[in-house]
Amino acid sequence: MSRESILAAIKKNQPEQQALPDLNAFRRTGPGDPAAFRKVIETLGGQVFEISSYAEIQPLIAEHQPDAQKIISLQESYLPGAMTEWETGDGGRQYEHVDLAIIPGQFGVAENGAIWITDVEIKERVLPFITQHLAIVVSSQDIVPTMHDAYAERIAQPGGGFGVFIAGPSKTADIEQSLVLGAHGAKSLTVFLYSPKA
């Protein structure tokens, strides 16, 4: 059969177009529940601190990460004195031995504790995965109820070339069904749930 006859046969036998399913039944009205978001993160092995000012981050880091020496903070206001000029260096060696990275998250998902991160915020994709410990600052007003809401409302118009959901410290239970945290990424996840005072 010739190419033209094959294409003609395919065109002739195409099924009728069907309308896409209505997904509005999965939509939730209103914001996500920060308490539910917190509960899921803690269940996944992370810890959540509710803060009303970025100034509260520094004493919490001193208390819970006392051994952290090399700290990268993507915003000076998160942790004054931490490294902020870290994008350039010798072939990626500037990321060596990073104890703690403090990064912003765009929004969180209440149903599974996932936080959306893009290269707009972090610039270098490897940072959240190469650091020993990871802290993410996310606003309590930026919690959506479900992953459907996340995709429909927040990711439908992507603003960056890279995005990833991060939920809890990395973990695996492949070997003898024994759960190991920090197996292939950050050993711990701390979320600073930011709720500014009115």
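Some points to look at:
- Among the residues of the range 173-198, the ones that are open to solvent by 60 Å² or more (accessible area, probe 1.4 Å) and either within 15 Å of the chain's Cα centre (by Cα) or within 22 Å of Val98 (Cβ to Cβ) (or both) come to 4 in all.
- Listed by first and then second residue, the pairs linking a residue in the range 27-43 that is closer than 19 Å to Arg154 by Cα and aromatic (Phe, Trp, Tyr) to a residue that is in a loop (DSSP other than H, G, I, E, B) and open to solvent by less than 80 Å² (accessible area, probe 1.4 Å), with Cβ atoms under 8 Å apart and 6 or more places separating them unless they lie on different chains, are Phe37/Ala110; Phe37/Gly113.
- Within the range 115-127, the set of residues being of a type outside the set (D, E, K, R) and surrounded by fewer than 23 Cβ atoms within 10 Å (Cβ to Cβ) comprises Trp116, Thr118, Val120, Ile122, Val126, Leu127.
- Tally of residues being open to solvent by less than 90 Å² (accessible area, probe 1.4 Å) and either part of a helix (DSSP H, G or I) or not aliphatic (A, V, I, L, M) (or both) across the range 1-23: 6
- In the set Ser139, Ser170, only one residue is under 14 Å from the mean Cα position of the chain (by Cα), open to solvent by less than 60 Å² (accessible area, probe 1.4 Å) and modelled with pLDDT under 90; that residue is Ser170.
- Complete set of residues in the range 10-51 that are among the small types (Gly, Ala, Ser), at pLDDT 90 or above and out of contact with any Asp or Glu (no Cβ under 8 Å at 6 or more places or on another chain): Ala35, Gly46
The values are calculated or read from the model by the stated rules, or taken from the named source; none is laboratory data. In this text the structure is predicted, and so the values were computed from the model without any measurement. Neighbour counts run over all protein chains shown; Cβ positions are idealised from the backbone, glycine included. These area figures cover heavy atoms from the full protein model, side chains too; ligands, DNA and RNA do not enter into them. Shrake-Rupley method; radii C 1.70, N 1.55, O 1.52, S 1.80 Å.
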